[in-house]
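Notes to accompany the following structure.
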Amino acid sequence: MVFGQVVIGPPGSGKTTYCNGMSQFLSLIGRKVAVINLDPANDALPYECAVNIEDLIKLSDVMMEHSLGPNGGLVYCMDYLEKNIDWLQSKLEPLLKDHYFLFDFPGQVELFFLHSSAKSVIMRLIKKLDLRLTAVHLVDAHLCSDPGKYVSALLLSLSTMLHMELPHINVLSKIDLIENYGKLAFNLDFYTDVQDLSYLQYHLDQDPRSAKYRFDL
């Protein structure tokens, strides 16, 4: 039985940095770890890849050949990976005996709450290789400084959890930088424990950007 993490989250939330740090931590405690890069747009990796999707398909080639933008290109790449799942399976099989897996996925959020290819890839690997995987969903902590964005992040995390159907852990990343974005309306525990969101109502009402969406009964 092989264990691992599916690392997902919006662009810039720190997925690759997390995978790099987690792989170093696991190595230090004596566990063999394999980082699998499944982001065809990630060409500056700080870690050593056990498997790299760019050996199968590159986003830049897809965009040029099919005249697609970055988002459409990433969807194409995930569809292509799904159709070539045997390639990925063959790369992972030699690592099954004694490695812990870290899957570094792209940051396009539609892939994890709307599109089916990424989920299908994960589910087929679970079934074929008997993997035990947990989704680690990273969200940039600076969103806590804006009530509207924080609520949006909660909805995104919930939608992703329901769509992926995996054990799910939400992580506020870059917490060391949170003070750079101003004072939080409540203590950090309020945001990490997702306490009563009605307390945010006052702060949402004070946001001039939301005025056009409000009406009085």
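Coordinate-derived values only; no laboratory data. The structure presented is a predicted model; accordingly, all values stated were derived computationally and were not measured. For neighbour counting, all protein chains shown are included, and Cβ atoms are generated from backbone atoms with ideal geometry for every residue, glycine included.
Values of log10 I(q)/I(0) for segment 79-133 across q = 0.13, 0.22, 0.24, 0.28 Å⁻¹ run -0.33, -0.91, -1.06, -1.30, by the Debye formula with one identical scatterer at each alpha carbon and no solvent.
Two decimals is fine: what is log10 I(q)/I(0) at q = 0.23 Å⁻¹ for segment 38-100, from a Debye sum with one equal scatterer on every Cα and no solvent? Debye output, listed in q order: -0.98. A convex hull fitted around the alpha carbon atoms of the chain yields 157 Å³ per residue.
Starting from the Cα gyration tensor of segment 1-80, take the square roots of the eigenvalues, sort them a ≥ b ≥ c, and report rounded, prolate or oblate (rounded when a/c is under 1.5, otherwise prolate if a/b is larger than b/c, else oblate). Since a/c reaches 1.5 and a/b is larger than b/c, the shape of segment 1-80 is classed as prolate. For a 25 Å ceiling on Cα separation, which of these pairs sit above it: 58/97; 83/127; 127/149; 83/174; 32/58? In this structure, 58/97; 127/149; 83/174; 32/58 lie more than 25 Å apart at Cα. Between residue 189 and residue 32, the modelled labels are 4.4 nm apart [label points 7 Å from Cα along Cα→Cβ]. Take the chain, mark every one of the trypsin sites (Lys or Arg not before Pro) that falls in a DSSP loop and has at most 15 other Cβ within 10 Å, then report the longest stretch left between them, sites excluded. My reading of the result: 98-182 is the longest stretch. Residue-normalised convex hull volume from the C-alpha trace of segment 15-142: 120 Å³ per residue.
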